[in-house]
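Worksheet for the structure shown next.
The values are calculated or read from the model by the stated rules, or taken from the named source; none is laboratory data. Note that the coordinates shown come from a computational prediction; the quantities given were computed from them, not determined experimentally. So basically every Cβ, Gly included, is an ideal-geometry build from the backbone, and we count neighbours across all protein chains shown.
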Amino acid sequence: MAVERTFSIIKPDATERNLTGGVNAVIEKAGLRIIAQKRIQMTRKQAETFYAVHSARPFFGELVDFMISAPVVVQVLEGENAIAKYRDVMGATDPSKAAEGTIRKLFAKSIGENSVHGSDAAETARIEIAQFFSGNEIAG
Ligand code: CMP
């Protein structure tokens, strides 16, 4: 299995409830390493660019408004099979369907306010990491 990098966001519903450390504890317990991390206030433009793939969805406006409603923590995670592993650790998008012990089961409020984002594939991970981090901000 290859060592991969994936992109993560700790979303406004989690930062507002002071859950950054709680989420990070689950990430690290799963064996993923946080090799870059910063807390930012996303701009509307950044959120629209990040979620451009969902721009035709009925929830797009709500999603962008939510992502800029409070600070987020953007992260790069590294580990064996990190992309799939982090998706397992996050749990299902809808927290009512998420497995026990996953971040969304533990912390998420709803399908929209679902505490974390993680890349869905290697190419998306590369693009998402590059949107928020320059090379010298990542120390693996
Ligand atoms: P994320 O993994 O960040 O990718 C797209 C996001 O859209 C998803 O998590 C959810 O937060 C959000 N989303 C998906 N479905 C819905 C929905 N039905 N209503 C509101 N937000 C949604």
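Of note:
- Here GLU123 qualifies as within 17 Å of PHE7 (Cβ to Cβ), of a type in the set (D, E, K, R) and part of a helix (DSSP H, G or I).
- A search for C-beta distances below 6 Å between a residue of the stretch 22-43 that is under 29 Å from GLY61 (Cα atoms) and any residue that is among the acidic types (Asp, Glu), counting only pairs 6+ apart in sequence or on different chains, returns ALA36/GLU137.
- One residue stands out among those in the stretch 11-21 that are touching a residue at least 40 places away in the same chain (Cβ under 8 Å) and of a type outside the set (Gly, Ala, Ser): the one that is nearest to the ligand (Cβ to nearest atom), which is LYS11.
- For the stretch 102-120, a residue qualifies if it is part of a loop (DSSP other than H, G, I, E, B), over 18 Å from ILE83 (Cα atoms) and more than 10 Å from the ligand (Cβ to nearest atom), and exactly one does: LYS109.
- Matching option when the condition is among the hydroxyl-bearing types (Ser, Thr, Tyr) and over 21 Å from ARG44 (Cβ atoms), among SER69, SER119: SER119
- Only one of ALA36, ALA47 that is under 14 Å from the mean Cα position of the chain (by Cα) and within 14 Å of the ligand (Cβ to nearest atom): ALA47
- Filtered by the rule that a residue be assigned to a helix (DSSP H, G or I) and in contact (Cβ under 8 Å) with a residue 40 or more places away in the chain, the stretch 127-140 gives GLU128, ILE129, GLN131, PHE132, GLU137.
- Only one of ARG126, ARG57 that is away from the ligand (no atom under 16 Å from the Cβ), among the basic types (Lys, Arg) and surrounded by fewer than 20 Cβ atoms within 10 Å (Cβ to Cβ): ARG126
- Within the stretch 73-99, residues that are over 25 Å from ASN18 (Cβ atoms) and of a type in the set (Val, Ile, Thr) reach partners that are at pLDDT 95 or above and assigned to a strand (DSSP E or B) with beta carbons closer than 8 Å, at six or more positions or on different chains, in the pairs ILE83/GLU4; ILE83/THR6; ILE83/GLY118.
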